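Everything below concerns the one structure shown next.
The values are calculated or read from the model by the stated rules, or taken from the named source; none is laboratory data. Keep in mind that this is a model prediction, so the values were computed, not measured. Protein only, heavy atoms only, side chains kept; ligands, DNA and RNA dropped before computing areas. Shrake-Rupley method; radii C 1.70, N 1.55, O 1.52, S 1.80 Å.
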Amino acid sequence: MIKSRIEMEMGRQRPLIVRQAAFARDQISKISQARESDRLRLAENLFQIIDLACRADGKRVTRANIVAEAGMADQNGKSSRLYDYAIDPAISEGERCWRAKKRLIKKPVGYLRLAEAAAKLGGLDVDQVVVDLVQGTRLAEGMSDLPDTVEPEHLVMLAAAIQGEAKRIAEATCLDWYFNTIDQQGLAPNGSEWEADHQAFLWTHRTVPWVDLFTEEVAVFRGIWWPKNDDGTFGEKMVKAVWVCRRIGLALAPFGPGKTVRAFFVRRPVLVIKDFPARRDKHDPFSFEDMVIEDPLVTSMPDPEGRIYHRSGTLQVTTDARQVALCPAGTFDEEDHDFIEVTPSSIGTVLETGLSTSMWMSTDAFYVPVAAYTKSPPGSRASDLERVLLHGREFGDGDTRLMATLEAQAANCVHGLRAWVDARVTEIEEVMTRMASHSTREAS
């Protein structure tokens, strides 16, 4: 009887493991470069997986066999490439950090190939190994919350509606032309202008149209703020409440198969700077309810020294703010932005995180949605998404429905690039004409 119950329970868990492994593989395929902290955890997990595979089958499975099975052996057929993928968690922290920064491969797909090869040769459960590989990294975020049955109907309907509107907007605004021109001409935005892009991988988030949905509170720090005066001098320093937040938006980007424009959630860390309430002792605890309600100052994450240079002033905050769980700062701008395709599963995992929403962000689409009956559960963020998708916001001018706002953003992006391209074409034609006229005069 006990054996039957165990087998029944394992039978129920098995489909969930399969779906979690598929989720992990999908996450790995979408990320071209893993963060330093994620690379270190992947390498440590891979070391333990390879060690387990080698021990599971006596001495018949070796590291060289695993590397060869993954098709990643070096020119001499040896396993030396593992040094760039696997780290023993028992070595010193200094060496682990050095290798994570200097040696570990940034693309996560290689870690996956080695883990699956180890599982195959060692007789391990391949799907379970894939799930174990990403544990402790942001690639696993949301994996434990996957439903073990079919997706809820309201999430399926929301995802289908958003992707359908994304396709319509892309066709109506000529987003394909927009992204193809940027890609083929090697362009990068420079304020309201465009220029040659020498670091294309850094500019993706600056070219896609998106609308911010909501902002989540993650952690709060005290910061020192020096306001800048109109004459360029700095005023007296002030103590500010500095919230590390995770901001979630909805974007249209060409990351689908064949560079098809589809809808993606954009998740990025930001700093939100607020005033403390008056007459508060510096040792007293504080919370969101204590904050002043006016719109806060929103900036990117601080530099490695904990500083933010803004046109309104300069902020100094502890460097701990850069490595807050769930939204650590990256070395480059693009590292701070996660693009997650809108699917029934991702709606659930990206929206329903359990973190508090910062309702002070009046520019967010979820700020006071129109009251309406929803198919989604009342009080959920899926319900907020449904309301702003169908009805818009309670406050705002014109059509405040989510996809109408996103379409306006897309049209503005396309219009700006098209005007710039037309101006450049006119300049080129004028120069060519002058050059041709010189040649004609000389011939005559």
Self-check item: Solvent-accessible area per residue for the stretch 217-275 (1.4 angstrom probe, square angstrom)
Solution: 41
Quiz item: How many Å² of accessible area per residue for the stretch 380-444, probe 1.4 Å?
Solution: 62
Quiz item: Roughly speaking, what is the centre-to-centre gap between the stretch 347-415 and the stretch 88-114 when only Cα atoms are used, to the nearest Å?
Solution: 40
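State which entries of K106/K259; K30/K228; K274/K375; K30/K167; K30/K102 exceed 30 angstrom in Cα-Cα distance in the structure shown. It would help to have the intermediate numbers written out before the result.
On the way: K106/K259 23 Å; K30/K228 41 Å; K274/K375 36 Å; K30/K167 20 Å; K30/K102 23 Å.
Listed pairs above 30 Å: K30/K228; K274/K375.
Considering only protein heavy atoms and a probe of 1.4 Å, how much of the accessible area of the stretch 371-444 is carbon and sulfur, as a whole percent? List each step's numbers first, then the result.
On the way: 2660 of 4770 Å².
Roughly 56 percent of what the probe reaches on the stretch 371-444 is carbon or sulfur.
Let me check against my output: what whole-number percent is the relative contact order of the stretch 310-444, with C-alpha pairs under 8 Å and at least 6 apart? Mind showing how you got there, number by number?
On the way: 73 pairs, mean separation 16.4, N = 135.
Normalised by residue count, the contact order of the stretch 310-444 is 12 percent.
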